[in-house]
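The structure appears below as structure tokens.
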Amino acid sequence: MDNSKYKALFLQETNERIGSIERSLIKLETDPSDTTSIDVLFRSYHSIKGMSASMGYESIQNFTHFQEDLLEGFRSGKGDITSETVGLLMECLDALKEMARKVEEGVAIDIDTTSLVERLKSALSQEEPPLILERPVTPTQVSLETNIPKETPSEDTEPPEELPIPELRLPTTMRVEGTVFDEQLKITGDLLATLSTLKKISQKSLSIEFLDAVHSLGKTIDELNSNILEARMLPIESIMHSLPRTVRDIAQRRDKDIELILKGTEITLDRAILEGMGDPLIHIIRNAVDHGIEAPDIRVASGKPAKGRITVRAFDKGDHVLIEISDNGKGLDTDDLKEKALARAVSPEKINAMSDAELRMLICMPGLSLAKEVTDISGRGVGMDLVKSVVETLGGRLTIDSIKDKGTTFTIELPRTTSIVKVLLVRVGDKTLSLPLSKISRVMEIENEFLSEETYALKESTVHIKRLGDILGVECSAKPSYGEDSSEKLIVFERRQGSEKDNGIVVDELIDEVDAYIRPLIPPFTRLWGATGFTILGNGEAVFLLDPAQITASFGETIQ
């Protein structure tokens, strides 16, 4: 039987079970008497064994069987759960992950598990189990015949009661490849672009029927878009399940005692954002364990508990989701940050003018690290600059709060989805461009006589201004003279945290606010400065989405 079409489902289920095993082993190491974790482990191993047998992956089936035997021994009281046995099961889990990876790549499962199997056997001093296991009966192997002799009923025997016919039902859920929803979202984006064109046409139409049809179409597309986005949502737990193992392994290597607390893991985000956030989250956690949390003796000497703590908390904030990663370690030393920044040619005048929030963000400078030594985990100054870059590429924002000797909190604010976003279409010269509305605090038309080349005074602050055409090197329309069409179109960006300054840009024309499907840039446009993606309008025109963080970098500042 050709099982290739079931491989994706096998890998999805197996990886979910592997994640469950990892979480349960972490719990079991903390509390060996936790019988619930043992039961979860047993079910997970048994499921992987059964699925592997059905797919014909005998090496995975046999290897999982030995781990299942060890768990069965624990359940029956034949052995004690120790940190050594949990460590052994962790090693076996790593081998299982490698086996699953080879299945995904379509190569031979040539992992040598002989040593691990021998250690599993000796853990309970049991006899060697058979290497060839009887394959579980699958629905296709069930015979309709039976060898039980049939009894001939006598005339006085009442006919047996007929068995009820079982009702066959399809499952209420289906496993679907994520690419299916990606494609549906692209189609929805095309529909939104077409709808935008129809709305413009409807503004000139006198047909009530046409206007009603466009309005009804808009409501239907909005509902379709909402349903697709909802289907793409995944819980944040999907990328957090490996964090306890990461903390455990690094802490053991550094002789530290650290607990990890996860909160709000049921909060959901678009799968595209979760995929992008995996590496940044790992970077922050690794740095916290390796450099943020002190060694137990240092913590005790400073009056802290020997055990360090890292808390990852997710919660809703309007249309955004916030992820906080906090530790109770040594915090950031801003004096050290200043010294490192000076060594990297940042001017003393600029550093002295920075607020505390701006100084903490220096940790995100490329190549800057506060680590006293380079380790195999961190300390090369690569990581936090990439974290900030990835977060901003996803349309989010990174902020850092820290108190020396008390701890540090990294806050990541993310939109729920980045694929279809509300944008403001603007024109500069003969170019149509777009800006994310989430990064804009206000849009104004002001008289030219009140606008200098660099600033515009608001009641609450002064806006530092540049013309978008000058920044991008695009020839703009002639600046209007006072007395003619003297209004300027000013876009003020959202003020960054801890700053008393606002940044704004001047454009030639404000066109419209639309929902746009943002497509990723493809080479060679990936190297295009200032752009993070593009969208296709209803008339077929390609419009770049500008990144306010890069645009305001020309002001000498960045939006965080």
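Quick notes on this one:
- Which listed pairs, of Lys7/Lys102; Lys256/Lys340; Lys263/Lys304; Lys186/Lys317; Lys219/Lys422, have C-alpha distances above 21 Å, in listed order: Lys256/Lys340; Lys263/Lys304; Lys186/Lys317
- Inter-part distance where the range 79-104 and the range 416-441 are each reduced to a Cα centre, Å: 48
- Temperature 37 °C, viscosity 0.692 mPa s: under these conditions the Stokes-Einstein estimate for the range 178-234, based on its Kirkwood radius over C-alpha pairs, is 267 µm² per second.
- In loop segments of the range 242-294 as defined by DSSP, the GluC sites (Glu not before Pro) with at most 16 further C-beta atoms inside 10 Å of their C-beta are Glu266.
- Listed peptides 106-117, 14-25, 310-321 appear in the order 14-25, 310-321, 106-117 once ranked by packing, highest mean of other Cβ atoms within 10 Å at the front.
- Simple label model, 7 Å out from Cα along Cβ direction - Ile201 to Lys263, nm: 5.4
- The range 178-218 and the range 294-344 have Cα centres spaced 48 Å apart.
- Residues whose placed amide H lies under 5 Å from that of Gly264, excluding near-sequence neighbours: Ala314
- Rg/Rg_ref, the range 236-415, where Rg_ref = 2.2 N^0.38 Å and atoms are Cα: 1.02
- With q set to 0.11, 0.18 Å⁻¹, the log10 of I(q)/I(0) for the range 4-136, from the Debye formula over equal scatterers at the Cα positions, is -0.36, -0.98.
- In a reduced charge model with +1 at each Lys and Arg Cβ and -1 at each Asp and Glu Cβ, the range 236-415 shows a dipole moment near 360 debye about its Cα centre.
- Additional length obtainable on full extension of the chain from Glu447 to Glu509, 0.36 nm per residue less Cα span: 20.9 nm
Rule-based calculations on the coordinates, nothing more; no lab input. This is a predicted model, so every value here is computed, not measured. Neighbour counts are summed over all protein chains in view; Cβ atoms, including those assigned to glycine, are modelled from backbone coordinates with ideal geometry.
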